[in-house]
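These notes concern the structure reproduced below.
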Amino acid sequence: MTYKNKKPETVKHKTLPLLLFFLGSLCVYLLMPYLSLLFFKPMLAGGYWDLLNGVGFVAFGLCIYLFIERARPRSWPKVKGDLFYWWHRLLAFALLLLSSIHGFGFLILEPVTWEYLSLRSPWYMLCAWLAWLFFVYLCLASIRPLKHRLHGGFLSFRFSHALLSILALVACLYHVVAAGFYFDRYASWALFSLLLVLVVSYYALNRLGPKFSFSKIFFVGNSQAYKQVGAPVKPILFIGLVLLCVLFSGGLYVAAN
């Protein structure tokens, strides 16, 4: 006997493993700039310089992480709905906020840095402002009303989003390394260039969509249906993102003092 009016039971995804997956992977990428410092024996400046540069490191870590945590479902974890899109956009706006604090914080607290707004300033500073402008555009273009106004269709948005994201990452990389404040060895160029190649290669391969996915390789036998998430997942992820950004932003300051 069948009951036509009976609704199928909603399958919930376990909340704790999902939170550990998202916040754990976020910690890994926020740690990457700090772990690289262990190889280069950085010269710490102390005070608000290290605090604002710590904010910049967190922004750089988020920039790398956004290439990994794309706005589309993975093969694992299999989650329904807009969770991946929401998480990707939240990370992007956090990146824009932190990069703004990093740049404008120096302009407010160190008036001598106003000279870096000139077109005659060093290339690594011009790249920093260029990357910030890309961040502004990418975030604004992700808002639905502006997306349709700036891009006629999805393919136009997808191409420009991918291209500007890669250019922004390259500009950030050049700014961090060429500034020579924390990374003043030739090995840093090799290390970060390798990191850039790996991240962009991973991103390019995954842009092929269902034809290729690293998560499919590691979770071959996972044919589990996509599940919904519990209500507290998004608020907890938001609070976790804020706490982790604050914690890692103070990393250089704590080390210097």
(request) Scan region 167-181 residue by residue and report those that are under 14 Å from residue 137 (Cβ atoms) and either surrounded by fewer than 17 Cβ atoms within 10 Å (Cβ to Cβ) or not small (Gly, Ala, Ser) (or both). (result) 167
(request) Report the residue count in region 108-128 for those that are over 22 Å from residue 199 (Cα atoms) and open to solvent by less than 70 Å² (accessible area, probe 1.4 Å). (result) 8
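The values are calculated or read from the model by the stated rules, or taken from the named source; none is laboratory data. Because the structure is a prediction, the values reported are computed rather than measured. Reconstructed Cβ throughout: ideal geometry from the backbone, glycine too, with neighbour counts over all protein chains shown. Only protein heavy atoms, including side chains, enter the accessible area calculation; ligands, DNA and RNA are left aside. Shrake-Rupley method; radii C 1.70, N 1.55, O 1.52, S 1.80 Å.
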